[in-house]
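Asks: Sharing a structure, written as structure tokens. Questions coming.
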């Protein structure tokens, strides 16, 4: 049995690569994957699987014709906040696979935001015709329930991704903190200046080594480098493409300050204290689930959660909150982590049942 795996793969985003690695880890062994990738050569080399160009009509249709299954492989694929083209691409491929008679699986999805009527209609239309559906957050589960679509709710599969050690990381000074920021309109130059000064203050107070982790270097690296130039103490920019090693960074980290959803998930799964910078409802929802402290970046938000506070107005206020969490905050307990890992494996069971039916 061949399965076409469709996601934001081969695009240099560590979170989406972690979703692909998780899917390959959980896919039944008798299923041969064909990955739609923005960088097929890199995907083939990294994972040892067949990959074809995601934007090549000929290659994509060729993969579909040779396969019996089509899988949306995790993430917020059907959302129009980033671009209205996302639902066209992902929804269009799902609809084509369904018309070709393939089994279709929407796997570990975060559905939305969907701000346009036609994107909501298209999402509902293809999900209603899927062989199986699983989602990774309560908001997505509530939305598909409103649409009368049966689906499984389980934590993001990256909770269950096996981590690997990072060579040389143990040689860096301890204690360590990790910072994972991304370019976003709400991370204004003033906010970035304040945040950088707060990190300078924090490092001086704690004598920590700061690990700057660009999950998508094309968007994150410049920010990481700009911060590093200002830090008075030891620091390292870690640009790591292999998702298991990316998760392994957080093994030896005391505190993670992150915008990136999968940075928070990886850090929490590795027993690290976490502080969320919420630029997207999915980050606020994770903070709510784990009772993480953090700040809301949106000027106005309907997604306030108890642990998320407004963005502070001064670097001193930012530093103080980080110091408080660093000194007195608790990471997720081993039982909490294992519970989420076990429930994340429901995504594997959904694959098994759907592919055997």
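Asks: Calculate, in nm to one decimal, what residue 327 and residue 183 gain on full extension: separation in residues at 0.36 nm each, minus their alpha carbon distance.
Replies: 49.0 nm
Asks: Sticking with the crude label model, points 7 Å out along Cα→Cβ, report the distance from residue 89 to residue 337 in nm, one decimal please.
Replies: Going from the residue 89 label point to the residue 337 one covers 3.4 nm.
Asks: Based only on other Cβ atoms within 10 Å, what is the fewest-to-most ordering of 134, 218, 67?
Replies: Placing the least packed residue first, the sequence is 218, 67, 134.
Asks: So how far, in whole Å, is the C-alpha centre of the range 317-338 from the one of the range 138-152?
Replies: When both Cα centres are located, 32 Å separates them.
Asks: Arrange the following residues from fewest to most other Cβ atoms within 10 Å of their Cβ: 346, 318, 1.
Replies: Fewest-to-most ranking of 346, 318, 1: 1, 346, 318.
Asks: Let me ask you something else. Can you put 42, 270 in order, fewest other beta carbons within 10 Å first?
Replies: Going from sparsest to densest Cβ surroundings: 42, 270.
Asks: With just the Cα atoms of the range 2-153, tell me how far they stretch along each of the three principal axes, in Å, largest first.
Replies: Each principal axis gives a Cα extent; for the range 2-153 these are 41, 31, 28 Å.
Asks: Compute the semi-axes of the equivalent ellipsoid of the range 194-328, taking the square root of 5 times each eigenvalue of the Cα gyration tensor, and list them largest first in whole Å. Please report the intermediate quantities before stating the final value.
Replies: Details: eigenvalues 88, 69, 44 Å².
Working through the eigenvalues yields semi-axes of 21, 19, 15 Å.
Asks: Let me ask something else. Rounded to the nearest 500, what is the chain's calculated 222 nm mean residue ellipticity when only DSSP H runs of at least 4 contribute -39500 (n - 2.57) each, over all residues?
Replies: Mean residue ellipticity, 222 nm, calculated: -13500 deg cm²/dmol.
Asks: Find how many whole Å separate the alpha carbon centroid of the range 14-73 from the alpha carbon centroid of the range 197-218.
Replies: Answer, in whole Å: 35.
Asks: Given the alpha-carbon gyration tensor of the chain, what are the semi-axes of its equivalent ellipsoid in whole angstrom, ordered largest first, with each equal to the square root of 5 times an eigenvalue? Mind dumping the intermediate values first?
Replies: Values: eigenvalues 246, 92, 69 Å².
Result for the chain: semi-axes of 35, 21, 19 Å.
Read-outs throughout are calculated quantities, based only on the coordinates presented, and are distinct from any laboratory measurement. No experiment lies behind these values; they were computed from the predicted model shown. Backbone-built Cβ (ideal geometry, glycine too); neighbour counts: all protein chains shown.
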